[in-house]
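Each remark here refers to the structure printed beneath this line.
Just so it is clear, none of the values below were taken in a lab; they were calculated from the coordinates. Keep in mind the model is a prediction, meaning the values are calculated, not measured. Note: ideal-geometry Cβ built from the backbone for every residue, glycine included; neighbour counts use all protein chains shown.
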Amino acid sequence: MATIDELSALVESNARSIQALSQEWRAAAEVNRVDMAAVNQRIAASEEQLNQRIAASEEQLNRTERIQENNSVQLAELTTAVAETNQRIQVLIEESRDTHNWLRAAQENIQTLFSEIREIWNRINAA
């Protein structure tokens, strides 16, 4: 059987071991606390960057939507202007055809008139 001195020595040894382990645990806990603080800071910084990127993306999306709306309005205006221009071109084509027909008729009338004048001139000269 162990003597009281041996048991006391064993208790003291265990107490020192427990104290050493306790100090190691405290040191490890402090390292973990510092590590967790650093991790939390990195997480917070990452969240901030992510939030900034999300905000920038939302702003870019809003700008893109405004540009798209503006482009849609301009496209509608351009489409209307093209349709109006096409109508005016059709009117001009019709007027050009009418003018062409009128000029052809006028040319025929002038040729007929010159023919009649030549006949009259020839009759005058023959008389």
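Computed values, structure above
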| item | result |
| --- | --- |
| Simple Cβ-charge dipole of the stretch 4-127, Lys/Arg +1 and Asp/Glu -1, about Cα centre, in debye nearest 20 | 760 debye |
| The chain: C-alpha gyration tensor shape, a/c 1.5 cut-off, then a/b vs b/c | prolate |
| Dipole of the chain, positive direction: furthest Cα of Gln111, Ser72, Ala15, with charges on the beta-carbon | Gln111 |
| Using alpha carbons only: equivalent-ellipsoid semi-axes of the stretch 57-108, gyration tensor based, whole Å | 49, 5, 4 |
| Helix axis angle, 4-126 relative to the chain longest principal axis, alpha carbon, degrees | 0 degrees |
| MRE, 222 nm, helices only [DSSP H, n ≥ 4, -39500 (n - 2.57), over the chain, to nearest 500] | -37500 deg cm²/dmol |
| Rough spin-label spacing in nm, given labels placed 7 Å along Cα→Cβ, for Gln52 and Ala38 | 2.2 nm |
| Net charge over other residues, Cβ less than 14 angstrom from the Cβ of Glu24 (K, R count +1; D, E count -1) | +1 |
